[in-house]
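K.L.:
Just passing along the structure, written as structure tokens.
The values are calculated or read from the model by the stated rules, or taken from the named source; none is laboratory data. This is a predicted model, so every value here is computed, not measured. With ideal geometry, Cβ positions are generated from the backbone for all residues, glycine too; neighbour counts draw on all protein chains shown.
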Amino acid sequence: MLSKFTSLFYESDKPKTPQEPPKAAPEKQGAAVPAVPVRVSTRPVAIPGQTDPEMLKILEEAIEAANIPGFDYIEFRDVLVNMSTLGLPEPKMFQAAFASAQIAQVTKQKLLEAIDLYIKVIETKANEFHDYVAGLEATDVSGKDQSIADLDKLIEEDATKIQELTAAIQDRRKRQDELRMEKAQADMEIKNKTAAFEATKATVVDKLTSDRSKIDTYIQ
């Protein structure tokens, strides 16, 4: 049943042209230290939010788990999908689908209430996702700030011992660069996941809201 449900909500996003990676801001310099070769890596690039098939599946499963027994909005959508090849005007399709609902003793109000319920289900899943993202940010992004700050302090202290500590400074510069890249990678991955989820959520909620409006308009 959900395969039909998916076809109404999901359209493959066209691949986007990759954007140029942002240029890094100049780092604040502490005490003078010898020039140290630093590995230059490409920073992660944000991907515009797109409907994600795996996230869509999660939202579909949440709606399916909350499916009201008997004929409701989901079965109403199935009827619309089956009629979509008939070439009927949209108002006629909705009215014909509603006729099937009426045979099952389903009213317009029950259809609207079912849509409202499924929107609430999506919002609940959205809250769970945002909590998950907050946890990732705390560990994978903000959690690395202290490590970077600690290394900055060590580098400034060691700058006065250039001759003895050159090797140590080189190692720490390398690790600092790795930490910055790990932080940037984690931050960008979280932003990409958030953008994908929001786009997926918008796809589902927009269709639900659109159908709710059409049911309210077309069916008297």
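K.L.:
Based on this model, can you work out whether residue 92 counts as under 30 Å from residue 218 (Cα atoms) and of a type outside the set (Asp, Glu)? Reasoning before the result, please.
P.N.:
Values: under 30 Å from residue 218 (Cα atoms): yes; of a type outside the set (Asp, Glu): yes.
When the stated conditions are applied, residue 92 passes them.
K.L.:
Here's another thing I want to ask about it. Among the residues of region 64-108 satisfying the criterion of being in a loop (DSSP other than H, G, I, E, B) and of a type in the set (S, T, N, Q), which is nearest to the chain's Cα centre (by Cα)? Talk me through it step by step, then tell me what you get.
P.N.:
Applying the first criterion (in a loop (DSSP other than H, G, I, E, B)) to region 64-108 yields 66-72, 84-89, 104-107.
Adding the requirement that they be of a type in the set (S, T, N, Q) leaves 67, 84-85, 105, 107.
Details: 67: 24, 84: 30, 85: 32, 105: 38, 107: 35 Å.
Checked region 64-108; the qualifying residue nearest to the chain's Cα centre (by Cα) is 67.
K.L.:
Next question, about the same structure. Based on what the data block shows, is residue 161 without any contact (Cβ under 8 Å) to a residue 40 or more places away in the chain and more than 30 Å from residue 58 (Cα to Cα)? Full working, then the answer.
P.N.:
Working: without any contact (Cβ under 8 Å) to a residue 40 or more places away in the chain: yes; more than 30 Å from residue 58 (Cα to Cα): yes.
Yes, satisfied.
K.L.:
Which pairs do you get when a residue that is free of Cβ contacts under 8 Å to residues at least 60 places away in the same chain and within 12 Å of residue 155 (Cβ to Cβ), found in region 165-180, comes within reach of a residue that is of a type in the set (A, V, I, L, M) and assigned to a helix (DSSP H, G or I), reach meaning Cβ atoms under 7 angstrom, with the pair 6+ apart or on two chains?
P.N.:
That search, which allows pairs on different chains as well, returns 172/151; 172/154; 172/155; 175/151; 176/148; 176/151.
K.L.:
Still on this model: Working carefully through the options 185, 170, find the one that is at pLDDT 85 or above and assigned to a helix (DSSP H, G or I).
P.N.:
Numbers: 170 fails: at pLDDT 85 or above.
It is 185.
K.L.:
Shifting gears a bit: Among the listed residues 198, 128, 164, which satisfies the condition of being out of contact with any Pro (no Cβ under 7 Å at 6 or more places or on another chain), part of a helix (DSSP H, G or I), within 24 Å of residue 68 (Cβ to Cβ) and not small (Gly, Ala, Ser)? Break it down stepwise before answering.
P.N.:
Details: 198 fails: within 24 Å of residue 68 (Cβ to Cβ); 164 fails: within 24 Å of residue 68 (Cβ to Cβ).
So the residue among 198, 128, 164 that is out of contact with any Pro (no Cβ under 7 Å at 6 or more places or on another chain), part of a helix (DSSP H, G or I), within 24 Å of residue 68 (Cβ to Cβ) and not small (Gly, Ala, Ser) is 128.
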